[in-house]
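Throughout, read-outs are computed from the coordinates displayed, never taken from laboratory work. Keep in mind the model is a prediction, meaning the values are calculated, not measured. As a convention, Cβ positions derive from the backbone with ideal geometry for all residues, glycine included, and neighbour counts pool all protein chains shown.
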Amino acid sequence: MKLGTLALLSVLITLVCAVALPLWAENAPTPEPAAPQAGPVKTLLLTGGTVHKGVEIGDILQQVMEKTGKFEITRVNEDLDALMAEKVQAYDLVVFYWTMGEITEAQKRGLMNHIASGKGFVTFHSGADSFRGDPDWRAFVGGYFTGHPKFRTYQVSITEAKSPITEGIEEFMIEDEQYFLDYSSQVTVLANGLHKGRTMPVMWTQEWGKGRVFYSALGHNPKAVKQEMFQKTAIRGMLWAAGREVKDP
C-alpha cells in the first residue's frame, strides 16, 4: 500500500472517532449514585447495672430516640447476653447505659467484634465504669472512670468544632456529676470540663476497627438526662456512630 493511501486512511479513522466518541459518551448510561441509607437505624438499647438508675434512664433515652423517628429500637434490660454474637449481629447501633458488673468473654467478644465489622457503639457516664479493671473494655470505650466531685453545675467547652456531633456548639452549662477520666491518646476529645484548674474530657470519639465509638461522660441521673444539651449531643453521637447524616430533629 502506498504512503498516500495510508495517510488517507488515518485521516478517515480520526474523523470517524471524532464523531462516534461524543455520540457514545452522550448515550452512555449514567453511573448510579450511591444508594442513600434508608429507614431507621436498627438499634439495641441495653441498660442495667448497679448504682445508677440505668433502666429509668434508658426509658428517657428511648423516648428521646423515638421522637426523632430515626431509630428502630429493641430494648433490653439487665441482660448482657444481648451482646452475644448471634444476637447483637441484628443491629447497626448499640446504645449502652450500664454501671460496674461483670461481662463474660463471649459477651465481650460478641459486641467488640460486631462493632469492629463497621457498626456503632454509644455509651454514657458510667459506661466508663462498667466491668472495672477489664483492659479490653477500657480500650473499647477509650478510657475509664477514676473519680468525681459533687453533683454540680459546670461548664462544658467544645474543643473539636469540626465534628458533626459538636458543630455549631461553643459551650454550655450542665447540671451533672462530672467524671474524672483516664483516657487513651487515640481518642478524639470533643469537649472538656474544668475542675480546680484542670481540664477533664466530657465527650470523645474513636474508631474501633471499621466501626465507631462515641462516649459522653454526661448522664448521671434522670434529671441530668432530661437536659437539652445532653439529649442533643446524645442523638448526634448516635447518628454519627451509626454512619448516618447528623441532623438535629
With DSSP loop assignment and no more than 13 other C-beta atoms within 10 Å, the GluC sites (Glu not before Pro) in segment 169-228 are E170
Between the Cα axis of helix 3-27 and the main Cα principal axis of the chain, the angle (0 to 90°, nearest 10) is 40 degrees
Log entry: pair-distance distribution for segment 123-247, C-alpha pairs binned every 5 Å from zero, whole % per bin is 2, 11, 23, 26, 22, 12, 4, 0
Calc'd 3J(HN,Hα), segment 208-217, phi into Karplus 6.51 cos²θ - 1.76 cosθ + 1.60 (θ = phi - 60°), Hz, glycine/Pro = x, comes to 9, x, 8, x, 10, 10, 10, 10, 10, 6
Length-normalised contact order of the chain, Cα under 8 Å, at least 6 apart, in percent, tallies to 18 percent
Kirkwood Rh over alpha-carbon pairs of segment 47-176 plugged into Stokes-Einstein at 25 °C, 0.890 mPa s gives a D in µm²/s of 151 µm²/s
To the nearest 20 debye, the chain has a Cα-centred charge dipole, built from +1 on Lys and Arg Cβ and -1 on Asp and Glu Cβ, of 360 debye
Zone reached by a paramagnetic label modelled 7 Å from S117 Cα along Cα→Cβ, restricted to segment 58-85 with backbone N below 18 Å, covers 74, 81-85
Between the Cα axis of helix 228-241 and the main Cα principal axis of the chain, the angle (0 to 90°, nearest 10) is 40 degrees
Eigenvalues of the alpha-carbon gyration tensor of segment 109-150, times 5 and square-rooted, give semi-axes in Å, largest first, of 22, 11, 7
When the charge dipole of segment 145-218 is computed with +1 on Lys and Arg Cβ and -1 on Asp and Glu Cβ about the Cα centre, the Cα farthest towards its positive end, among Y154, M200, T166, belongs to M200
Taking Cα atoms, the helix 54-68 axis meets the longest principal axis of the chain at an angle in degrees (rounded to 10) of 30 degrees
In segment 167-249, taking the dipole from +1 charges on Lys and Arg beta carbons and -1 charges on Asp and Glu beta carbons about the Cα centre, the listed residue (L218, T233, Q186) farthest towards the positive end is Q186
If amide H atoms are modeled at 1.01 Å from N in the peptide plane, then the residues at a separation of 5 or more from E72, or on another chain, having amide H under 5 Å from its own are V41, K42, T43
Segment 162-249: relative contact order from alpha carbon pairs under 8 Å, six or more residues apart, as a whole percent, is 27 percent
Stokes-Einstein, Kirkwood over Cα pairs, the chain, 20 °C, 1.002 mPa s; D in µm²/s equals 107 µm²/s
